[in-house]
Amino acid sequence: MPTRRPTTTCGVLSAAACLLLMGCQMPTAEAETMPFDPETARERAVEALLVQHGTGHQERIRRGVEQLAQIWRESDGHTEAFVQFARDEFVPAGDLLNDTFERFEFVSESMDGYFNAMLRDLRRGVDLDIGPLLPLDRRLAAFNAAAHLSDDLFAGKIAQTALLNFPLTSLREKLAQGGTWTRRQWAEARLTDRFDARVPASVGQAMTAAAASADTYINSYNIYMHHLLTPDGRRLFPEGLRLISHWGLRDELKAQYADPDGLSRQRMIRTVMERIIRQEIPAAVINNPLVDWRPAENSVTSADDDTAVDPAREDDERYRQWLGMFHAAQLADIHQPDQPSLIARRFNVDREIPEEEVEALLEAVLASPLAGRVAKLVASRLGRPLEPFDIWYVGFKPRGKYAEADLDARTRARYPDAAAYAADIPRMLQELGFSRKQATFLAGHIVVEPSRGAGHAMGAARRDDKAHLRTRVGAGGMDYKGYNIAVHEMGHNVEQVFSMTLIDHTLLQGVPNTAFTEALAFVFQERDMELLGLDTSDAADLKPLEAFWATREIAGVALVDMRAWRWLYAHPDANPAAFRQAVVGIAAEVWNTYHADIFGVRDVPLLAIYSHMVDGAMYTPDYPLGHLIAFQIEEHFNAHRDRFGTEFERICRLGRLTPNAWIQQAVGSPLSAKPLLKATAAALSRQEKDQTD
Ligand SMILES: [Zn+2]
């Protein structure tokens, strides 16, 4: 049944004449006007293949033909074309099938690898600190050169060939059977996974454009701290301090725990954060060193002559950007009937842990009765009642005892530029426990560059390309924050090099999901002080408490993110103002459920400050998952301290299995919050005993 007629080019002709004309001029298009009947096509293809190859191949034939029929569109050809395609492209098990698999693996690495390198180059202007950001840079970053790849693989019937010959597996099958699969079976599963839906390129482009817009918004959202004034006109922060929201603000808040006068600065940062979340922040103070701002009363004056400046608020840009991500995600929904929302795709496809399981893990940490006892300990260590920003308390971390300025001086002297950091990588890796050979190999596969934003790690996708480490390096050298992030990103890079360059099947490159790469990066970040030669001897005892407190904080953030997306799907027509109100309400609700009793204050919106909520499309749950996984992995490394390097490499080379299969093979137990809670309880008892002794 012809569903579409060309009206644009033949508008003056009658429908009949039009079809006639098409028939003579474009014989190949005739297929498009012929019917494709999936039922008949399936039956006839199976029949033909059984005759051709014998009933010994029945199972693969039936499954392959079914998968092909699911993805086949009328535009691919009529019933006869379908049957012919199946006859031509089905490969019986044996050497030829092995060769077919090998070809797929080879070209997948090549295509992904070169596109990855190209995208890295297209983003160079926005990602690297290489001078003023050009209008062109934003345009280039928004351009996804690989946007049409999936379409083209279907148009060339390359995707269909994969689906005819290799099994497409659901999350349910992977969870149930993956434990017994061979490496080759896993690799085949990853091959067909990429063709599980047929989403038009325009949809992917819309997502890239929305993310690029949100990214740029986030990456240029700085607060000039010296220009913040107390109600009585005092400046609490040094000249030149420019902090990106939210990372910079949050990390400065954390750093102030080491300063005896830090409390007033922490309170001021809390006010700034809440102004940002509620969008009460005056537009004039964002990224602008020419005005002074009194956050408490929300007034703005010129930094030059103290005259009043229009305090008009930023409107709802934060929530407009976030909505942009939602609207882009919605475009994909109709093309993926099995995963009809970004929520479903995030959990079932990207994370491969069911949503309920993630939520249960988060709640296990948040609802733990240990929280009240840890909070009491925090308050006693601080010598004051808790305030809401103490969700970011870092006093359990060894670095709490060193002043930020002292740390800055050390890292600046050591790393005047990105090259100095790069040159030090082999030493750092060996101190962490990698062999000289591993360290040299890894260092040779990591490029260090100064970033425009907070920093990130960009892995390679081809064995002979390199991973890229981007971190912020100021004019006076790398400050402690930049260094801390660099060590974290270096962890990502090391994982990326092992899980790409040294993997047995490149189709399995990477880790199960981003939470795992975060976990492995945390293992590095934990040791940043050690790598500076600083004393961390008291760290081990307090470590579970630090991990528990940090996981609890970010688990709350993740719940806010998840509920915000659920709200969006329940209110798809919301405007930015309504969405802002919803997010502020959700953040307060999560706060009231898990934090209010402990902190003695209700309706705090602070959990909604995370910038990744805006541009990350529900990325934040990966952080608490990362903490839990990191804790399990860390315990494993502690038990095998003598072979950290070989274990790290072995674990990274497991590649992209499902999370549960991966953690089982990595540490020998399933994904769980129990090890963290158990260790927290033990550490807590030791501390409480110390206090009463
Ligand atoms: Zn990371």
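The values are calculated or read from the model by the stated rules, or taken from the named source; none is laboratory data. Remember, it's a predicted structure, so these values are computed and weren't measured experimentally. Neighbour counts are summed over all protein chains in view; Cβ atoms, including those assigned to glycine, are modelled from backbone coordinates with ideal geometry. These accessible areas exclude ligands, DNA and RNA; they are computed on the full protein's heavy atoms, side chains included. Shrake-Rupley method; radii C 1.70, N 1.55, O 1.52, S 1.80 Å.
Applying the condition of being touching a strand residue (DSSP E or B) at 6+ places or on another chain (Cβ under 7 Å) and among the hydroxyl-bearing types (Ser, Thr, Tyr) to the stretch 265-323 and asking which residue is farthest from residue 580 (Cα to Cα) yields 307. Here the condition is being open to solvent by 10 Å² or more (accessible area, probe 1.4 Å), over 22 Å from residue 352 (Cβ atoms) and more than 16 Å from the ligand (Cβ to nearest atom); of 531, 502, it holds for 502 alone.
The combined condition, being closer than 23 Å to residue 584 by Cα, open to solvent by less than 50 Å² (accessible area, probe 1.4 Å) and in contact with a Lys or Arg (Cβ under 7 Å, 6 or more places away or on another chain), is not fulfilled by residue 256. Screening the stretch 567-623 for residues that are of a type in the set (Gly, Ala, Ser) and in a loop (DSSP other than H, G, I, E, B) and picking the one that is farthest from residue 347 (Cα to Cα) gives 600.
Flag set for residue 497, criterion: part of a helix (DSSP H, G or I) and either over 20 Å from residue 533 (Cβ atoms) or modelled with pLDDT of 95 or more (or both).
Among residues of the stretch 417-430 that are without any contact (Cβ under 8 Å) to a residue 60 or more places away in the chain, those with a Cβ under 8 angstrom from a residue that is surrounded by 15 or more Cβ atoms within 10 Å (Cβ to Cβ) and of a type in the set (Phe, Trp, Tyr), sequence gap 6+ or separate chain, pair up as 424/415.
Exactly one residue out of 407, 432, 469 is hydrophobic (A, V, I, L, M, F, W, C) and within 25 Å of the chain's Cα centre (by Cα): that is 469. Can you tell me which residues in the stretch 628-658 are modelled with pLDDT of 95 or more and open to solvent by 70 Å² or more (accessible area, probe 1.4 Å)? Correct list: 646, 650, 653, 656. Using the structure shown, decide if residue 163 is touching a helix residue (DSSP H, G or I) at 6+ places or on another chain (Cβ under 8 Å), within 29 Å of residue 354 (Cβ to Cβ), of a type outside the set (Lys, Arg) and at pLDDT 95 or above. For residue 163, the condition - touching a helix residue (DSSP H, G or I) at 6+ places or on another chain (Cβ under 8 Å), within 29 Å of residue 354 (Cβ to Cβ), of a type outside the set (Lys, Arg) and at pLDDT 95 or above - is met. Checking each residue in the stretch 91-101 for being closer than 15 Å to residue 159 by Cα and out of contact with any Lys or Arg (no Cβ under 8 Å at 6 or more places or on another chain) picks out 91, 100.
Each row is one residue, and each column tells you yes or no for (1) of a type in the set (A, V, I, L, M, F, W, C); (2) out of contact with any Lys or Arg (no Cβ under 9 Å at 6 or more places or on another chain).
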residue: 79; (1), (2): no, no
residue: 84; (1), (2): no, yes
residue: 89; (1), (2): no, no
residue: 124; (1), (2): no, yes
residue: 130; (1), (2): yes, no
residue: 133; (1), (2): yes, no
residue: 138; (1), (2): no, yes
residue: 163; (1), (2): yes, yes
residue: 175; (1), (2): yes, yes
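Within the stretch 507-525, the set of residues being more than 16 Å from the ligand (Cβ to nearest atom), assigned to a helix (DSSP H, G or I) and open to solvent by 10 Å² or more (accessible area, probe 1.4 Å) comprises just one member, 507.
Within the stretch 534-556, the presence of at least one residue that is open to solvent by less than 10 Å² (accessible area, probe 1.4 Å), within 16 Å of the ligand (Cβ to nearest atom), within 30 Å of residue 460 (Cβ to Cβ) and within 23 Å of the chain's Cα centre (by Cα) is confirmed.
Checking each residue in the stretch 382-410 for being basic (Lys, Arg) and at pLDDT 95 or above picks out 384, 410. Taking every residue in the stretch 92-118 that is at pLDDT 95 or above and crowded, with 17+ Cβ neighbours inside 10 Å and pairing it with any residue that is of a type in the set (Ser, Thr, Tyr) and part of a helix (DSSP H, G or I), at least 6 positions away or on another chain, the pairs with Cβ-Cβ distances below 9 Å are 104/161; 105/506; 108/506; 109/506; 112/506; 113/506. Does at least one position in the stretch 309-332 carry a residue that is surrounded by fewer than 18 Cβ atoms within 10 Å (Cβ to Cβ), farther than 30 Å from residue 544 by Cβ and free of Cβ contacts under 8 Å to residues at least 24 places away in the same chain? The answer is no; no qualifying residue exists. A single member of 142, 201, 147, 189 is under 27 Å from residue 341 (Cβ atoms) and modelled with pLDDT of 90 or more, and it is 189. Condition first: open to solvent by less than 60 Å² (accessible area, probe 1.4 Å) and under 16 Å from residue 166 (Cβ atoms). Can you find one or more residues in the stretch 75-84 that meet it? No, that holds for no residue. Might you check whether a residue that is of a type in the set (Lys, Arg) and in contact (Cβ under 8 Å) with a residue 60 or more places away in the chain occurs anywhere in the stretch 227-241? Checking the stretch 227-241: not a single residue is of a type in the set (Lys, Arg) and in contact (Cβ under 8 Å) with a residue 60 or more places away in the chain.
Can you name the residue in the stretch 633-665 that is among the polar types (S, T, N, Q) and farther than 28 Å from residue 169 by Cα and, of all such residues, is farthest from the ligand (Cβ to nearest atom)? Across the stretch 633-665, the extreme among qualifying residues is 646.
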